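Chemist: What follows is a structure written as structure tokens; I'll ask about it next.
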Amino acid sequence: MSEQKQWYTNKQLFEQILSIQNDLKDFQIELKETRAMIKKYNGLREEVGALREEVKAIENKQKGKKEISRSVLNWGGFIFGMLTVVITAIAKLM
């Protein structure tokens, strides 16, 4: 009963160690690729943020132009009428 049997032979242990080393190398390669992809993603995210700001600026310009056009249309007739009244009053005084 005191007989002890080895679980693995030296050759089997060596093969397992080599297998683990290869797995670690593969893992390191995948980890480097993942880091590179994350860096790319972060760069793209910053670019998208900058583009969003540019689009917002363009949209705000368009809204401003529409507001000015609407104001000109709304107040243009009133201003024209007032100018006509002033010119007519000046013409009658002379």
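Chemist: Toward the positive end of the charge dipole of the chain, about the Cα centre and with charges on Cβ (Lys, Arg +1; Asp, Glu -1), which of Gln21, Val48, Met94 goes farthest?
Modeler: Towards the positive end, the residue furthest out is Met94.
Chemist: For the chain, find the longest principal axis of its Cα atoms and tell me its angle to the long axis of helix 10-93, 0 to 90°, nearest 10.
Modeler: Taking the Cα atoms of the chain, the angle to 10-93 is about 0 degrees.
Chemist: Roll a 1.4 angstrom probe over the protein heavy atoms and tell me the percent of accessible area of region 8-93 that is carbon or sulfur.
Modeler: Answer for region 8-93: carbon and sulfur cover 64 percent of the accessible area.
Chemist: Can you give the accessible area per residue of the chain, in Å², using a 1.4 Å probe?
Modeler: Counting only protein heavy atoms, the per-residue value for the chain is 105 Å².
Chemist: Just to compare against my own numbers: the Cα pair-distance distribution for region 8-93, 10 Å bins, whole % per bin, please.
Modeler: 13, 14, 13, 12, 11, 9, 8, 7, 5, 4, 3, 1, 0
Chemist: Give me the percent of Cα-Cα pairs in region 22-61 that sit more than 14 Å apart, rounded to a whole number.
Modeler: Here the tail beyond 14 Å accounts for 64 percent of pairs.
Chemist: 222 nm [θ] for the chain, helices only, -39500 (n - 2.57) per DSSP H run of 4+, per residue, to 500?
Modeler: So the helix-based figure for the chain works out to -34000 deg cm²/dmol.
Chemist: Assuming R0 = 35 Å, can you tell me the calculated FRET efficiency for the pair Lys61 and Val85, based on Cβ-Cβ distance, to the nearest 0.05?
Modeler: In this case the efficiency is close to 0.50.
Chemist: Mind checking which of Gln12, Gln21, Gln62 has the largest fluctuation in a GNM of the chain, springs on alpha carbons under 10 Å?
Modeler: Gln12
Chemist: Of the candidates Gly76, Gly64, Gly43, which one comes out as most mobile in a Gaussian network treatment of the chain with C-alpha springs shorter than 10 Å?
Modeler: Gly76
The values are calculated or read from the model by the stated rules, or taken from the named source; none is laboratory data. Just so we're clear, the structure is a prediction, and the values are computed from it rather than from any experiment. Quick reminder, even Gly has a Cβ in these numbers, built from the backbone with ideal geometry, and neighbours come from all protein chains shown. We work out accessible area using only protein heavy atoms, side chains counted, and drop any ligands, DNA or RNA first. Shrake-Rupley method; radii C 1.70, N 1.55, O 1.52, S 1.80 Å.
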